[in-house]
1. Rg over Rh of the chain, using C-alpha atoms and the Kirkwood radius, what does it come to?
2. Need one number: % antiparallel among DSSP beta bridges in region 258-421, to the nearest 5.
3. Remind me, relative contact order of region 141-246 in percent, using alpha carbon pairs under 8 angstrom and six or more residues apart?
4. Taking Lys182 as the anchor, which lysines have their alpha carbon closer than 29 Å to its alpha carbon, excluding any fewer than eight residues away along the same chain?
5. What does the charge count near Asp147 come to, summing +1 for each Lys or Arg and -1 for each Asp or Glu among other residues with Cβ under 13 Å from its Cβ?
6. With the convex hull built on the Cα atoms of region 258-421, state its orientation-averaged projected area in nm².
7. Take every Cα-Cα distance within region 61-122, group them into 10 Å bins from 0 onward, and report for each bin the whole-number percent of pairs it holds.
8. For region 215-302, state which trypsin sites (Lys or Arg not before Pro) are in a DSSP loop and have at most 14 other beta carbons lying within 10 Å of their beta carbon.
Amino acid sequence: MSAAPAVALSGRRRLSAGELDMVLAAHERFVGGRPGGKLAALKFIDFSGMDLSGRDLRDADLSASIFNGAKLIGARLERANLFGCDLRKADLRRANLTRADLRGACLRGADLSQADLSQADFRIGQVAVPHPSKGLASLTHHQRNGDLSEARLVGANLEGSQLEEVVAFATDFTDCSLRGAKLSRANLKDANLEGAIMDWADVAGANLEGARLVDAVLTGVEIRAARTSGANFDGCLRAPDQEALDQADDLLAMAAANQTWCKTGGREGKPACFDGADLRPLDQRLRGMRLSVMSARGAIMVGLDLSGAHLQGANLEAADLRGANLRGADLRGARLAGASLVKADLREAILGPLPLSADRINRGDLHHAKLRYVQAQGADLTSVILDDADVRGCDFSGAVLKGASLRGADLTTAYGIQLGA
């Protein structure tokens, strides 16, 4: 006769390690489309302190469970039902919570650094609370706001997430992306939003009193609709001004002339000079263009789509390329010293040396560049100069770093680095 499952004081069941492994193995077979699989239904379970790092919990029903202090580093929780869960002080670094149901969940003090929470739902939820002595036999229900108070979301992705009325007092959102997030009536008092990319976020009725928004990107954000007493907006980037909008056609014509110069071997057109310009009104119109040797020193290029662009030998020193899409771009020999590429996409980009003659090359130069939380998977960084660069949280998985120089670089929390590869 098997023993009855342990019941925690919270009224939740506590599974043995064997039971849990059996359920999770069946679930992983289910989501992998293999025989013998079964979707995990783990409602009202006590996972406190357990290590579920790297486990595949996609689409699992984990509602009303407790994960207090649990480790879920790199866990796959896409579309998981975490309705009403207690995730206080849980370690969710680099976890994937895309479109997860977190209504009424408590994530107070949790570490969600670099987690993917895009399109996650943090709205108010009707939470079931077990009776203190009768447990699950007697439930009461009450509404609870999503709670992210004092949580750490440094470098996290919250694009398109539903954070209406969420409580995020003193929460650290440094360098996170909140593009298109719904933050109406959210309590963000004393939150740290330094460097956050908040394009088109809805902050109507939100409490941003005492919040730190230094260097935040606020394009399309109606900040006057929020309460901002005591908030710090130093260096924040607003929408392009009218002058930048009026120059858009001229800037595009310059880019076209650069492309002609490349295609004709210099016989027609000429290299573009965008130094100090705001290129954001060009949006996706530079994608795949041939812009070799162009200069954009100190230019504002936040969020631009430059995927597949030819940027060999380009001068991008001190340019603001936060959140830019440079996937598959050819940046051989490009100068990016002092540039900001925080949360940029450099997957499969080529930043290696540019041959100039039989015995001369130009190395890609990113010294003093800010590369925090950059996606550099599969990038070619052969012989690139990254001296004194800030590459915290950068993902170099599968990247080629042979001959790269990283003297003085801040490699804290960077991963996937293989210098010999």
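Throughout, read-outs are computed from the coordinates displayed, never taken from laboratory work. The model shown is predicted, which means the values in this text are computed figures rather than measured ones. Neighbour counts are summed over all protein chains in view; Cβ atoms, including those assigned to glycine, are modelled from backbone coordinates with ideal geometry.
1. On the way: Rg = 24.3 Å, Rh = 23.2 Å.
For the chain, the value is 1.05.
2. Working: 3 of 25 bridges.
Among the beta bridges of region 258-421, antiparallel pairing accounts for roughly 10 percent.
3. Details: 322 pairs, mean separation 20.0, N = 106.
Relative contact order, region 141-246: 19 percent.
4. Lys43, Lys71, Lys89, Lys343, Lys370
5. On the way: positive: Arg88, Lys89, Arg103, Arg108, Arg123, Arg144; negative: Asp86, Glu150, Glu165.
That sum, taken over residues with Cβ under 13 Å, equals +3.
6. Values: hull surface 34.3 nm².
The directionally averaged projection comes out at 8.6 nm².
7. Binned Cα distances yield the sequence 29, 65, 6.
8. Values: sites: Arg224, Arg227, Arg238, Lys263, Arg267, Arg285, Arg287, Arg290, Arg297; in loops: Arg238, Arg267, Arg285, Arg287, Arg297.
Of the trypsin sites (Lys or Arg not before Pro), the ones in loops of region 215-302 whose Cβ has at most 14 other Cβ atoms within 10 Å are Arg238, Arg267.
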